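The values are calculated or read from the model by the stated rules, or taken from the named source; none is laboratory data. Everything quoted here is computed from the prediction, not taken from an experiment. So basically every Cβ, Gly included, is an ideal-geometry build from the backbone, and we count neighbours across all protein chains shown.
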Amino acid sequence: MGVSGCGKSTIGKLLAQELNIPFFDGDDFHPKNNIAKMSSGKALNDDDRLGWLQTLNKLAIKQLGDKGCVIVCSALKESYRNILKTNIECSSKWVFLNGSFKQIRERINARKGHFMSSDLLKSQFDTLEEPKNSIEIDISLSPGKIIKKIKKELMNNSEFGLFGLGVMGKSLCRNLANNGFKISMFNRHVDGVEEDVAKDFKNQYSELSEAEAYDDISAFVNSLQQPRRIMLMVNAGKTIDYVIEDLLPHLSENDIIIDGGNSNYKKTKERFDYLKPKGIHFIGTGVSGGEEGALKGPSIMPSGDLDAYNNVKIFLETISAKDKNGKPCCTYVGPEGSGQFIKMVHNGVEYVEMQLLAEVSTILESLGQNPDEIANTLESWQDEASSYLLEITTNIFRKKEGDDWLVNKILDKAGNKGTGNWTTIASAELGVPSTLIASALFSRYISFYKEERVELNKNFETVNGAELNVTTKEILEAYQFARIVNHYQGFKLISEASNKSSWNLNLSEIARIWTNGCIIRSSLMEDLVEVFKNTDNILTNLELINLVKNYKPSAKKVVSQSIINDISMPALSESIQFLNGITTEYASANIIQAQRDYFGAHTYKRLDDDSDKSYHTNWN
């Protein structure tokens, strides 16, 4: 675009040849009345231009159905350009050929046989509204240099967009940039609260020197190659929906939105179904690893449309952690919200692993160990029970502030962000007994009643733990026992969800991507990669059966001794209760069913009748 005589046609033809796409000169589409009016020395008005601009817009839309095109048109006003890009806002890029009045008048006077005379040039300069976010070219450059500059600008669009620059979003940006990807970064602008966040972040790190920073959504979206790949790193819940609605007017068919937050898997499916008719792909992606993992390599759990995943896999797999064989800890999980579901379960398992470490640490403290000694004990377990959480808990107990250990100064209220709650709800909805996850969740809820705990402590005498008769080896074995039960429950929940939703999830592959980068990585998880190649129930694996049998006596002793000494260890005790329940051939549920039939006539089945007949008894 540009005023008449700036060289649009010459440059447009050369650019179209260079890009191997069709070329169209807007002047060729003027109706006869327009040409006659200009030939008589009269300027066109907006009414004259409307039909012409609409014709060019239809031409552009038609060409986009193939491979695009180059169109040259004066398009001097912003309103003209808005007509030209109707319904193709995000698929168009303006190239503005800019020159001086004198320079262009000389060019027009040198032209022969054109209906546009230099007498009309001033009116064009008076009309011109220079476009924003265009590729601006100085027409004094040679045609070759102009084409080279335009092509460089066109091909210099970012490969990947990151929306939301919180802690995780920033770390993922740096990870992408460190791996050589050209990225665009967006963070909202809020006067006096969030200003120039993206630009300031870019200036903070050298690896982001080639990254583009935005606080304008339109400019951010237009900076991306098509199909656009935009990863959302914003708070789960309604915020995701608001962001999607903000993005939609700027997106084009086949663009891809990746939700990298801890969204509820049901909402992920709803968003997938909402965007599909609009031609926008939606990928729900679990990301685990915290700030450090996001920077150095997280575990990534994407799900949704497989073709869309294949369009983004190079980015996600490159920035992910790598397993012991060098394979990315990122895999296509399955359809719909399955990736968010397994991230939710991951967090549920994480709740339990954290609770177990808190409980065994409390028991060690009751044995008289100070934080340094607890750290030494935990560190000695790494050979047999290696895990990321064991490692960081060891470091926590060593950290001092002044002359005291920092852990002793932390208020004993544990927070949660909802994923443990969702996992417990999902377990109940699916009828799967994820009792350890529920126990760990409710332990956090109990911790939050600090004031009530302090008050009730005065009303009930407790044993001081002086008679605790357990060894550190027995505590380790109880811990190992409970961890196996925890992993059984977590993967059982995934398996049941997969069967119910026909997701066809690969448990071995899920365990594999959880061997590095994520919070629950451990030597046990590495073992489960092989176990799940032969079974979907880890308690049928001979090696694990033997471990559970060997560890159970210690678990029973540690739990019973803790109960006698009034030490709260809900997760450890529940691990025994659950195993006892799941391995009981004839349970007490017959009594429950009789009670239900007594007061509600719910009927029951009989052991001595294989016909599946239902019975009801008048119990009075």
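Listed by first and then second residue, the pairs with beta-carbon distance under 8 Å, at least 6 apart or on different chains, first residue in segment 334-351 and touching a residue at least 40 places away in the same chain (Cβ under 8 Å) and part of a helix (DSSP H, G or I), second surrounded by 24 or more Cβ atoms within 10 Å (Cβ to Cβ) and of a type in the set (D, E, K, R), are Gln340/Asp259.
Restricting attention to segment 275-284, the residues being touching an Asp or Glu at 6+ places or on another chain (Cβ under 9 Å), over 23 Å from Glu350 (Cα atoms) and surrounded by 15 or more Cβ atoms within 10 Å (Cβ to Cβ) number 4. Only one entry of Glu477, Glu526, Glu452, Glu496 meets the criterion of being of a type in the set (Asp, Glu) and surrounded by fewer than 16 Cβ atoms within 10 Å (Cβ to Cβ), and that entry is Glu452. The residue that is modelled with the lowest pLDDT, counting only those in segment 306-324 that are surrounded by 15 or more Cβ atoms within 10 Å (Cβ to Cβ), of a type in the set (A, V, I, L, M) and closer than 17 Å to Glu336 by Cα, is Ala308.
When we screen Val463, Val407, Val485, Val470 for residues that are hydrophobic (A, V, I, L, M, F, W, C) and in contact with a Ser or Thr (Cβ under 6 Å, 6 or more places away or on another chain), the only hit is Val485. Anything in segment 76-89 that is touching an Asp or Glu at 6+ places or on another chain (Cβ under 8 Å) and over 24 Å from Thr10 (Cβ atoms)? List them, or say none. The answer is Glu78, Ser79. Considering segment 222-246, and only residues there that are within 21 Å of Glu195 (Cβ to Cβ) and part of a loop (DSSP other than H, G, I, E, B), the residue that is farthest from the chain's Cα centre (by Cα) turns out to be Ser223.
Of the residues that make up segment 49-71, is at least one buried (at least 17 other Cβ atoms within 10 Å of the Cβ), among the small types (Gly, Ala, Ser) and more than 28 Å from Gly279 (Cα to Cα)? Checked against the condition, which is being buried (at least 17 other Cβ atoms within 10 Å of the Cβ), among the small types (Gly, Ala, Ser) and more than 28 Å from Gly279 (Cα to Cα), segment 49-71 yields no hits at all.
Within the option set Asp241, Asp191, being more than 25 Å from Ala426 (Cβ to Cβ), of a type in the set (D, E, K, R) and surrounded by fewer than 21 Cβ atoms within 10 Å (Cβ to Cβ) holds for one residue only, Asp191.
If only residues of segment 317-360 that are among the small types (Gly, Ala, Ser) and within 14 Å of the chain's Cα centre (by Cα) are counted, the one that is nearest to Ser299 (Cα to Cα) is Ser320. Out of Ile592, Ile567, one residue alone is farther than 25 Å from Ile494 by Cα and in contact with a Gly (Cβ under 8 Å, 6 or more places away or on another chain). It is Ile567.
Yes or no, residue by residue, for (1) under 30 Å from Asn264 (Cα atoms); (2) of a type in the set (Gly, Ala, Ser):
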| residue | (1), (2) |
| --- | --- |
| Leu390 | yes, no |
| Lys399 | no, no |
| Val407 | no, no |
| Leu436 | yes, no |
| Thr471 | no, no |
| Ala478 | no, yes |
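Scanning segment 154-167 for residues that are surrounded by fewer than 21 Cβ atoms within 10 Å (Cβ to Cβ), among the hydrophobic types (A, V, I, L, M, F, W, C) and in contact with a helix residue (DSSP H, G or I) (Cβ under 9 Å, 6 or more places away or on another chain) returns Leu154, Val167.
For segment 244-259, enumerate the residues that are surrounded by fewer than 18 Cβ atoms within 10 Å (Cβ to Cβ) and within 15 Å of Phe272 (Cα to Cα). Result: Glu245, Leu248, Glu253, Asn254. Scanning segment 91-114 for residues that are in contact with a Gly (Cβ under 9 Å, 6 or more places away or on another chain), at pLDDT 90 or above and hydrophobic (A, V, I, L, M, F, W, C) turns up Val95, Phe96, Leu97.
In segment 16-48, the residue that is farthest from the chain's Cα centre (by Cα) out of those that are surrounded by fewer than 12 Cβ atoms within 10 Å (Cβ to Cβ) and of a type in the set (Gly, Ala, Ser) is Ser40. Of the helices (runs of 4 or more DSSP H) contained entirely in segment 255-324, those carrying at least 2 residues that are in the same structural domain as Asn178 (by TED's automatic domain parsing) and of a type in the set (Val, Ile, Thr) fall at 306-319. For segment 504-528, a tally of residues being under 19 Å from Val352 (Cβ atoms) and part of a helix (DSSP H, G or I) returns 9. Considering segment 572-607, the residues that are aromatic (Phe, Trp, Tyr) and under 30 Å from Glu477 (Cα atoms) include one that is surrounded by the fewest Cβ atoms within 10 Å (Cβ to Cβ), namely Tyr586. Can you confirm whether Thr377 is over 30 Å from Ser502 (Cβ atoms) and touching a Pro at 6+ places or on another chain (Cβ under 9 Å)? Here the answer is no, as Thr377 does not meet what is asked. Just one residue in the set Leu56, Leu64 is of a type in the set (A, V, I, L, M), at pLDDT 90 or above, touching a helix residue (DSSP H, G or I) at 6+ places or on another chain (Cβ under 6 Å) and within 21 Å of Phe96 (Cα to Cα); that residue is Leu56. Going by the structure shown, is Ile88 within 27 Å of Ala219 (Cα to Cα), surrounded by 14 or more Cβ atoms within 10 Å (Cβ to Cβ), of a type in the set (Val, Ile, Thr) and at pLDDT 90 or above? No; evaluated as a whole, the condition is false for this residue. Across segment 377-436, which residue is surrounded by the most Cβ atoms within 10 Å (Cβ to Cβ) among those that are assigned to a helix (DSSP H, G or I) and of a type in the set (Phe, Trp, Tyr)? Looking at the filtered set, the residue picked out is Phe397. Ala75 passes every criterion in (1) free of Cβ contacts under 8 Å to residues at least 24 places away in the same chain; (2) assigned to a loop (DSSP other than H, G, I, E, B) apart from (1).
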